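Enquirer: Next up is a structure, given as structure tokens.
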Amino acid sequence: MMIRIIPALLLATVLADRAPRAVEDKYLETIKVSENVYVFKPKIDWAHGNGVAILAPEGVFFIDTYLQFNYAEEAIRRLKKITKLPVKYVFNTHSHNDHTSGNGVFRRIYPESRLIVNEASVVGLEGRVKAKVEGEKAFIDGELAQADTEVKLGKTIRGGTVLTGTMKEYWELSLREAREYRQQYRPEKYVSPDIVFGDTLVMRWGNLTLKMIHMRDDGHSRADMIVWIPEQRLLVAGDLVVAPTPYYSLPGITKAVRALIAMNPAIIIPGHGPVEYDLSYMQLLERAFSTYQRAAEAAVAARIPERRAMDSIAFRDIDRAFTGGDGLASDAFRSIVAPRQLTFGCAVRGRGRRGRFISGRSGEGRRDHAGGNQNGRRGGE
């Protein structure tokens, strides 16, 4: 009898080792915005975008699917605690990897779901995002190697910024997350769009109207989409609105933010960062973008060399309004906003390199955003 029991126990042990281990839900927090709208907000705002679930009797309309597969899986686990309804549609606000990499996770778990995108996103999805999804293991290994090296050195590889205070804490957290993602990783399939539209798509979803609008101002990308729910004056803004410090990508960002302010939303769900319940943060964005852009254009008109102009243009009251003096936030703001404003001031005059950083520090403050790191994650699409 013992001869039969021992092999059975050994087999059970082997199978247990192969079975998926329970994963702690610790990367996101669930925020109920209204009776039928939930945000699954990452605890690291800069690196990972928000996911938004809109519930109706027909099912769930889900907006944006994160940079990493494990974040998408956690969002789905959290969603299942709220409703047993399936996800019927997935919508991408633009084609950057930090909003689209989890599309395949949603299709695997909800095989009847359909992916909706704007036509301007297709090139980025079929090119950069497909390559990233299919090469995710190499991507993780690259992230892990870079984070490990930088934490050991105590400074960034690009630019040599010393890691202290909140920057050091953030890099150490990024390293832990990269190690965990490597352990949790399993391949996912890339998903092509099912529904592609032009300027606007309007859908009735339960008792809500979902207006998907292409913002053609070339603000954050050339495929910026917003979702407007007029019944609740609720705006899902994509990366046209990002907190706690902004992203700046293309010269049209100031005009785009002004257009969003004119809609007078009561609730703003940004691409990254906390939900806003008044216009004050968007007004700060408009002030910052317009002020830096005017200064950059003036520097170009005066033929001030780029590096000298970049180092001299500073509006400390604006900077502190975003950063509060925090080291990590300050580095992110310097790396992303001011240098790029100068670059695009040059672009407006036809003298510069539109769509590129001029600072060697590009993206150091936001290791995982679509514009800040290796693997070709930037792009104007």
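Enquirer: Does ALA131 fit the bill of being in a helix (DSSP H, G or I) and over 20 Å from the mean Cα position of the chain (by Cα)?
Expert: So ALA131 does not fit the description; no.
Enquirer: For segment 48-60, which residues satisfy the criterion of being crowded, with 23+ Cβ neighbours inside 10 Å and of a type in the set (Gly, Ala, Ser)?
Expert: GLY49, GLY51, ALA53
Enquirer: Of everything in segment 162-180, what is of a type outside the set (A, V, I, L, M, F, W, C) and either outside any loop (DSSP other than H, G, I, E, B) or touching a Lys or Arg at 6+ places or on another chain (Cβ under 9 Å) (or both)? Give them in sequence order. Before you say what the answer is, go through the steps one by one.
Expert: Kept after step one, since they are of a type outside the set (A, V, I, L, M, F, W, C), are these residues of segment 162-180: 164-166, 168-170, 172, 174, 176-177, 179-180.
Across segment 162-180, the qualifying residues are GLY165, THR166, LYS168, GLU169, TYR170, GLU172, SER174, ARG176, GLU177, ARG179, GLU180.
Enquirer: Sticking with this structure for a sec: When segment 1-34 is examined, which residues are found to be surrounded by fewer than 12 Cβ atoms within 10 Å (Cβ to Cβ) and at pLDDT 95 or above?
Expert: Residue satisfying the conditions is LYS32 alone.
Residues are listed down the side, and each one gets a yes or a no for (1) over 9 Å from the mean Cα position of the chain (by Cα); (2) modelled with pLDDT under 95:
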site	(1), (2)
ALA47	no, yes
TYR66	no, no
ALA72	yes, no
ILE76	yes, no
LYS80	yes, no
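Enquirer: Out of TYR247, TYR190, which single residue is within 30 Å of ASP141 (Cα to Cα), surrounded by 15 or more Cβ atoms within 10 Å (Cβ to Cβ), modelled with pLDDT of 95 or more and of a type in the set (Phe, Trp, Tyr)?
Expert: Of the residues listed, the single one that is within 30 Å of ASP141 (Cα to Cα), surrounded by 15 or more Cβ atoms within 10 Å (Cβ to Cβ), modelled with pLDDT of 95 or more and of a type in the set (Phe, Trp, Tyr) is TYR190.
Enquirer: Another question, then. Within the group ALA53, ALA72, which residue is touching a strand residue (DSSP E or B) at 6+ places or on another chain (Cβ under 8 Å), of a type in the set (Gly, Ala, Ser), free of Cβ contacts under 8 Å to residues at least 60 places away in the same chain and over 19 Å from PRO193 (Cβ atoms)?
Expert: The unique qualifying residue is ALA53.
Enquirer: What residue, of GLU231, GLU286, GLU297, is in a loop (DSSP other than H, G, I, E, B) and not aromatic (Phe, Trp, Tyr)?
Expert: Every option except GLU231 fails the conditions.
Enquirer: Continuing with the same structure: From the residues in segment 37-85 that are assigned to a strand (DSSP E or B) and small (Gly, Ala, Ser), which one is farthest from GLU231 (Cα to Cα)?
Expert: Applying the filter and picking the extreme gives GLY51.
Here's the yes/no breakdown for (1) over 18 Å from TYR281 (Cα atoms); (2) outside any loop (DSSP other than H, G, I, E, B); (3) not aliphatic (A, V, I, L, M):
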| residue | (1), (2), (3) |
| --- | --- |
| VAL196 | yes, yes, no |
| MET203 | yes, yes, no |
| LEU210 | yes, yes, no |
| HIS220 | no, no, yes |
| LEU235 | no, yes, no |
| GLY238 | no, yes, yes |
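Enquirer: Given (1) in a loop (DSSP other than H, G, I, E, B); (2) within 18 Å of the chain's Cα centre (by Cα); (3) farther than 26 Å from ASP331 by Cα, identify the lone condition not met by GLU188.
Expert: That leaves (2) as the condition not met.
Enquirer: Scan segment 80-91 and tell me whether some residue there is in contact with a Leu (Cβ under 9 Å, 6 or more places away or on another chain), buried (at least 24 other Cβ atoms within 10 Å of the Cβ) and within 13 Å of VAL191 (Cα to Cα).
Expert: yes
Enquirer: Sticking with this structure for a sec: Determine whether segment 152-161 contains at least one residue that is in contact (Cβ under 8 Å) with a residue 12 or more places away in the chain and either part of a helix (DSSP H, G or I) or within 26 Å of VAL105 (Cα to Cα) (or both).
Expert: no
Enquirer: A follow-up question, please. Looking at segment 154-167 only, could you name the residues that are buried (at least 17 other Cβ atoms within 10 Å of the Cβ), at pLDDT 90 or above and either of a type outside the set (A, V, I, L, M, F, W, C) or farther than 23 Å from THR323 by Cβ (or both)?
Expert: Selection gives LYS155, THR156.
Enquirer: Hey, another quick one. If I filter segment 283-315 down to residues being surrounded by fewer than 20 Cβ atoms within 10 Å (Cβ to Cβ) and either closer than 28 Å to LEU173 by Cβ or of a type in the set (Ser, Thr, Tyr) (or both), which single residue comes out as nearest to the chain's Cα centre (by Cα)?
Expert: LEU284
Enquirer: Additional query: Got a number for residues in segment 92-122 being in contact with a helix residue (DSSP H, G or I) (Cβ under 8 Å, 6 or more places away or on another chain), in a strand (DSSP E or B) and buried (at least 24 other Cβ atoms within 10 Å of the Cβ)?
Expert: 1
The values are calculated or read from the model by the stated rules, or taken from the named source; none is laboratory data. What you see is a predicted model, and the numbers here were worked out from it, not measured in a lab. Glycine gets a Cβ as well: all are built from the backbone with ideal geometry, and neighbour counts include every protein chain shown.
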